[in-house]
Amino acid sequence: MSIKPLLCAEVLRSVRNRVNLYVLAAFGLLLILSAVWAGLAARDYRDQVHAQAQHWGQVTDAARDAAASAANAPPDGAKQALAAFSLGRSDHAIARLPASGGLVLSVRQFERLTPELRVSVESRHADARKNDVLANPLLDGLGVPDFATVMALLLPLALIGLCYGLVQEDREQGIWRLVCTQCASLDGLLGAALLIRAGAVFGVAALASALAFLIDPGADLASVATWIGCLLAYTLVWAAIAGMCALPAWSSGAAAIGMLGIWLAVSFVAPAALAWVADKNDPMPSRLDAIVAMRVAQQNAEVAMDDLVTAWYRDHPQDRNPAYTSHTWPVTFVPRFLAQDEVVRPLMRAFDDSRARQVETLERWSFLSPGLALVMGADRLAGIDAPRYLRYVDAVNQHEDAWRAFLVPRIMGYRGLSVDDMARLPRFDPASIPEQSTLSVLWRLTALCVALFGIVVAGRRGLRRP
């Protein structure tokens, strides 16, 4: 019997089963709602980025006009230093992690990880923090999940629903022996059944994904193609799992419970276990110790503030203004912020470093949880994965060093910023963040798919059991 009649028979069998249509309809509706929300959220995020960039342009234009006015007025070093300090600590001097083409897959991760850091002549870790609205972290976790998370959880359930009783119903009705005698290739029969059901689920998932990417104006073709490839591999992984559960001679209920048990294990138990192992291998630093160390650094810098000012002028004699023998805020505070950050910045980076190493451990073992692999791949396509975020933090630190090297001498020297200086303000270059391949998750899912189908092929003799 050729594969074409088998495919036609399985299509008719699937379409005539109304439960299958209900499962696909429910799956498609939930995915469409999630896709629309994710696409609109991604579009809103990109609009906010554009608006903030325009606002920063207005801030620098105003500072340039003020510098031009100051050039025509009698020199006032204190006011010029204050103007430079105000610009150096502006709320709009932001170094932003650029979103990649797959932003629509993990929009909430951008909100959760703060992909916009304000560079400042102050310490952004302690004295320059933004005043965010207080939120309950427990309730925050109950918000709308990302599109990739919805896909990772619902796609297996849809496939489990479509594959319910795939072989077991014929066994329970006592007609499986007849099917075996009439069908020359049981392998082809099972393969056709899995192919039709996997194709239907993948088609719905791909259409919903296309809708989400179409709504997001920043989506790119490479991200779309990689995501669709990951979706296909993920669908085939679960089709292989359904095929494995169809081989033993057990009831439909037992097979369904087996598939649901696998879904629960690989979707919830395995990620929790892997996270525990990753935390044991690379534990996060103590937040309490970091807070204590930060407060100690602040206190020490405050106590030694006068000595720090003297030391700064000793190290930078060319920037000493002889017209000012005594100093007040903000000049007295700038060296204090610099000394404080020498201690605080490594403490804060240690958290991102530990998190990046933990995520790398999870990626190595993600074949134990296909859903986790899919979500981590979505984070990488969106550009918010932990290793990239660590590289972003390093790039921001380098940019902040350049920012301070440019502004601090003009503050401490009481000369402020000229119109020419405004044109030479350091700018954060997103290209300074090294990129990483987004295909690793696709290869892992593909390898897992091949391995699982190998198990199905090896155990295909189980189909002959009545």
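The values are calculated or read from the model by the stated rules, or taken from the named source; none is laboratory data. Please read these numbers as outputs of a predicted model, since none were measured by experiment. Heads up, the Cβs are rebuilt from the backbone with ideal geometry, glycines too, and the neighbour counts pull from every protein chain shown.
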* To do: Go through the range 251-274 residue by residue and tally those that are polar (S, T, N, Q) and over 12 Å from Pro156 (Cα atoms).
  => 2
* Hand me the list of helices (runs of 4 or more DSSP H) wholly inside the range 368-466 holding 2 or more residues that are in contact with a Ser or Thr (Cβ under 8 Å, 6 or more places away or on another chain). => 370-382, 386-412, 440-458
* Take Ile228 and decide whether it is free of Cβ contacts under 8 Å to residues at least 60 places away in the same chain, part of a helix (DSSP H, G or I) and either in contact with a Leu (Cβ under 8 Å, 6 or more places away or on another chain) or under 19 Å from Thr149 (Cα atoms) (or both). => yes
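Have a look at Phe213, Phe268, Phe202 and point out the one that is more than 30 Å from Ile455 (Cα to Cα), hydrophobic (A, V, I, L, M, F, W, C) and in a helix (DSSP H, G or I). Give the derivation first.
Details: Phe268 fails: more than 30 Å from Ile455 (Cα to Cα); Phe202 fails: more than 30 Å from Ile455 (Cα to Cα).
After ruling out the rest, the residue left standing is Phe213.
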* Return yes when Ala290 is assigned to a helix (DSSP H, G or I), under 23 Å from Val237 (Cβ atoms) and either in contact (Cβ under 8 Å) with a residue 60 or more places away in the chain or of a type in the set (Lys, Arg) (or both) and no when it is not. => no
* Within the range 314-341, how many residues turn out to be at pLDDT 85 or above and in a helix (DSSP H, G or I)? -> 12
* To do: Of the numbered conditions (1) within 23 Å of Ser90 (Cα to Cα); (2) at pLDDT 85 or above, Ser418 fails exactly one; give the number of that condition.
  => (2)
* **Pair list, Cβ < 8 Å and 6+ apart or interchain, from the range 398-411 residues that are touching a residue at least 24 places away in the same chain (Cβ under 8 Å) and closer than 14 Å to Ala83 by Cβ to residues that are surrounded by fewer than 19 Cβ atoms within 10 Å (Cβ to Cβ) and of a type in the set (D, E, K, R)** => Arg410/Asp421
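Matching residues to (1) surrounded by fewer than 12 Cβ atoms within 10 Å (Cβ to Cβ); (2) farther than 27 Å from Asp394 by Cα:
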residue: Trp250; (1), (2): no, yes
residue: Gly258; (1), (2): no, yes
residue: Leu288; (1), (2): yes, no
residue: Pro335; (1), (2): no, no
* To do: Go over the candidates Ala240, Ala293, Ala311, Ala301 one by one and state the one that is closer than 30 Å to Ser437 by Cα and at pLDDT 85 or above.
  => Ala240
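The rows are residues; the columns are (1) crowded, with 18+ Cβ neighbours inside 10 Å; (2) touching a His at 6+ places or on another chain (Cβ under 7 Å); (3) more than 25 Å from Ser437 (Cα to Cα); (4) modelled with pLDDT of 65 or more.
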residue: Pro137; (1), (2), (3), (4): no, no, yes, no
residue: Val144; (1), (2), (3), (4): no, no, yes, yes
residue: Val167; (1), (2), (3), (4): yes, no, yes, yes
residue: Trp176; (1), (2), (3), (4): yes, no, yes, no
residue: Ile196; (1), (2), (3), (4): yes, no, yes, yes
residue: Gly203; (1), (2), (3), (4): no, no, yes, yes
residue: Ala212; (1), (2), (3), (4): yes, no, no, yes
